[in-house]
Every structure is written in structure tokens, then in C-alpha cells.
Amino acid sequence: MTAVTEQELKDHQKNVGGNRVTLEGLEANIKSTDFYVHPGSQLTICIITLQNGFTVTGESACADPSMFNAEIGQRIAADNAKKKIWPLMGYALKQELYLAGEGTTFAYRDWE
């Protein structure tokens, strides 16, 4: 089975309507991306800060030091961080749709 492409999702949405989180929306939600390589290792950490200030991280590690490539490590770490954004944006979209259907607003409070 092959992966679903962004174009397939766009075509499906065009046919049935509805809302979804898009790659473009995800990318637009990124405020900044920073990378850190742990000293003495090949561990690359990507820190993505979203527009609202929330952060997600992604990591990549190279088993063989001779294979380490900073650019490849950054790309893998960034992809892993972006995978964590999809469910967050999915939740936000679902919450928005829920509130629109209920005609109410979400009350934030301190959870105990």
C-alpha cells in the first residue's frame, strides 16, 4: 500500500467538501525552527516554535559517526518534529468545528 499524497487529499476534499489540516497550514503555523547538536555526539534536536509560542521537538541520531551529515540530520529532525504538529492542529480544527456547532466558546481554566 502506498502513502496518500497531498494532491489526493486535496482532490478528495474538493469532491466532498469539509475541512482538514493542510501541509500549507501546518507550515504557516511555524514561527521559527532551531537546531542543536549535542556536543560529542551525532544527536540533532530540532525545536519548532509555533505561532502561539508552543514548541515541539524532533530528533535524529546517526549510529556511525562517519556517516554524520548535519544537513541530513536537521532535515530528519525537522520532519520528526513536524509529525508532532499534525495531531495538535487536528485537535484545534476539531475543537473549532465543535464550538461552531455548539454555538459556544471554550472556557480555559486551571486543571487540577
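Mean sequence separation of contacting Cα pairs (under 8 Å, at least six apart), scaled by the length of the chain, corresponds to a relative contact order of 19 percent. For Lys84, the aspartates and glutamates whose Cα comes closer than 19 Å to its Cα, not counting residues fewer than 8 places off in the same chain, are Glu6, Glu24, Glu27, Asp34, Glu59.
When the chain is treated as a GNM with alpha-carbon contacts under 10 Å, the residue of Glu59, Glu71, Glu27 showing the greatest mean-square fluctuation is Glu71. Can you match P(r) over Cα pairs in 5 Å bins from 0, in percent to one of these, (1) 2, 13, 22, 24, 19, 11, 6, 2, 1, 0, 0; (2) 2, 10, 15, 16, 16, 14, 11, 7, 5, 2, 1, 0; (3) 2, 12, 16, 14, 12, 10, 9, 7, 6, 5, 4, 2, 1, 1, 0, 0, based on a calculation from the structure here? Matching entry in (1) 2, 13, 22, 24, 19, 11, 6, 2, 1, 0, 0; (2) 2, 10, 15, 16, 16, 14, 11, 7, 5, 2, 1, 0; (3) 2, 12, 16, 14, 12, 10, 9, 7, 6, 5, 4, 2, 1, 1, 0, 0: (2).
The angle separating the long axis of helix 70-102 from the principal Cα axis of greatest extent in the chain is about 10 degrees. When trypsin sites (Lys or Arg not before Pro) are flagged only if DSSP places them in a loop and at most 16 other Cβ atoms lie within 10 Å, the longest unflagged stretch of the chain comes out as 21-108.
In the chain, helices alone account for a calculated mean residue ellipticity at 222 nm of -15000 deg cm²/dmol, with every DSSP H run of four or more residues adding -39,500 (n - 2.57). Taking springs between alpha-carbon atoms closer than 10 angstrom, which of Asp79, Asp34, Asp64 fluctuates most in the Gaussian network model of the chain? Looking only at Asp79, Asp34, Asp64, the biggest GNM fluctuation is shown by Asp64. Here the chain is assigned +1 on the Cβ of each Lys and Arg and -1 on the Cβ of each Asp and Glu. Its dipole about the Cα centre then comes out at about 160 debye. Between Asn52 and Asn15, the FRET efficiency from the beta-carbon distance, with R0 = 35 Å, is close to 0.65.
Quick one: go through region 60-80 and flag any residue whose amide nitrogen is under 13 Å from the point 7 Å out along the Cα-to-Cβ line of Thr33. Of the residues in region 60-80, 71-80 have backbone N under 13 Å from the label point off Thr33.
When exposed loop sites are taken as chymotrypsin sites (Phe, Trp or Tyr not before Pro) in a DSSP loop with at most 10 other Cβ atoms within 10 Å, the longest stretch of the chain clear of them is 1-105.
Only the coordinates and a few stated rules stand behind these numbers; no lab work does. Here the structure is a predicted model, which means the values were calculated and not measured. When we count neighbours, we look across all protein chains shown, and the Cβ atoms used for this are built from the backbone with ideal geometry, even at glycine.
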